[in-house]
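Okay, so here's the structure we're looking at.
The values are calculated or read from the model by the stated rules, or taken from the named source; none is laboratory data. Please read all numbers here as calculations on a predicted model, not as lab measurements. With ideal geometry, Cβ positions are generated from the backbone for all residues, glycine too; neighbour counts draw on all protein chains shown. Accessible surface is based on the protein model in full, side chains and every heavy atom, while ligands, DNA and RNA are left aside. Shrake-Rupley method; radii C 1.70, N 1.55, O 1.52, S 1.80 Å.
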Amino acid sequence: MINKTSAMVQAGILAAVAIIMALIALYVPVIGMFVNFIWPLPIIVCGQKHGLKYSIMTLLVSSIIIAMIASPVNAFFLAVIFGLLGLILGECMRRKMKPLSIMLYGSIGALIALILNLVLSFLILGIDPLNMLFTSFNDSLVRVEEFYRSHNMSEEQIKQSVASLKEMIGMMRLIMPGAFLTFAPILAFVNYWAAKKVLTRLGESFESFPPFTQLKVPSWVLAPYVLSLIGVTYFFVNKMQDHWGYKICVNVQTVSCLVLVLQALSLIYWYVESKKKPRWWADIACGLLFFIPFFSQFAVYMGAFDMVFDYRNIRGYAYKQKQIEKEDNSPKKNKKR
């Protein structure tokens with residue numbers, strides 16, 4: 001009875017924290033954007049400490065009060081997008097799953113929540129959030145033109161700049177499905193990392209991720225990358241950019257490239273660490289990837305190279321470890337003992 005009362009009290013406190021975070025996310029301009037990403041944190045903590053029943057209670061109570069204070073729409077979409085992720089991560093962490101399994105389930109939950117957000121926005125509110133977003137982007141081009149004219153740019157320069165911006169907006173619209181696929185694991189990782197920090201302070205312990213320098217992306221990722229590259233080239237040469245196949249290939253290529261860049265970053269940090277060089281060398285290399293297109297494309301090839309040739313010998317090391325474990329568990333060795 002005492003444990004149940006304590007769990008209910010803690011669930012109520014965490015619900016209050018979720019309400020405060022939601023109000024910050026809604027009404028504080030810059031900080032609110034970052035707080036919004038970790039809104040599931042109280043739900044995760046409650047789920048890990050007391051179980052799914054109490055995390056659902058925390059989610060329902062906080063959503064009802066947010067609906068009363070702010071608006072039912074904001075409360076509903078907070079509960080749908082971030083609440084589902086909080087419930088999944090909280091339960092996974094309570095069961096002490098491995099970090100990669102938690103990331104897998106959390107990413108699937110985040111992706112489902114994002115899709116639900118779009119579907120429910122259309123069905124309940126009758127709006128298309130993506131269309132609204134890109135309409136606002138296109139409308140902002142008018143203000144961009146006025147800004148360029150106020151700085152005495154020639155009409156030809158303005159025309160070229162606006163054309164490149166339109167092309168970029170069109171590409172953003174095209175790769176939006178791929179962006180959802182990549183944003184989901186980022187959202188899951190940020191919340192898992194934050195929850196782990198909080199729960200560790202509260203005395204819990206969790207298995208750590210493998211070292212980033214030992215990250216090894218599955219080699220089969222190369223197959224969709226190569227196939228999407230061939231597909232994009234085919235549709236582009238034949239001027240079939242409106243074909244659905246082209247859109248699929250572009251999204252597959254985008255996701256594959258990001259995975260390969262992640263592999264390249266792991267290789268860079270491994271090289272700097274193994275050669276005992278200053279860590280800021282790797283940090284500068286990461287910065288170049290995000291600001292100079294040539295380096296980002298080179299990183300894709302670097303990641304593919306490491307996948308094929310196993311430059312860090314991770315596969316060889318893993319194989320040796322398995323062989324050692326087999327020998328240790330062999331019947332002959334057990335008999336000798």
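Summary table
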| quantity | calculated |
| --- | --- |
| Residue-span extension gain [LEU100 to LEU23] - 0.36 nm each, minus C-alpha spacing | 24.5 nm |
| Cα-projected label distance for LYS277 with SER296, points at 7 Å along beta-carbon direction, nm | 2.3 |
| Rounded to the nearest 10 Å², the accessible area of ILE248 at probe 1.4 Å | 90 |
| Where GluC sites (Glu not before Pro) in DSSP loops with at most 16 other Cβ within 10 Å are excluded, longest remaining stretch of the chain | 1-203 |
| Helix runs (DSSP H) in the chain reaching 27 Å along axis by Cα, Kyte-Doolittle at least 0.5 | 2-27, 99-120, 176-201, 244-274 |
| Angstrom value of the Kirkwood radius, inverse mean 1/r, which spans all Cα pairs in the range 74-200 | 17.3 |
| Length gained when the stretch ILE65-ASN238 is fully extended (0.36 nm per residue, less Cα-Cα span) | 56.7 nm |
| Difference of contour (0.36 nm per residue) and Cα-Cα distance, ALA194 to PHE305 | 36.6 nm |
| Correct choice for semi-axes √(5λ) of the Cα gyration tensor in Å that was computed from the model, options [x] 58, 19, 17; [y] 37, 35, 19; [z] 32, 24, 21 | [y] |
| Gap separating the Cα centres of the range 154-189 and the range 277-309, nearest whole Å | 22 |
| Separation of the PHE147 and LEU120 label points, Cα + 7 Å toward Cβ, nm | 3.4 |
| Largest-first principal axis extents, alpha carbons of the range 211-304, Å | 49, 27, 14 |
| Heavy atoms of MET68: accessible area, 1.4 Å probe, square angstrom to 10 | 150 |
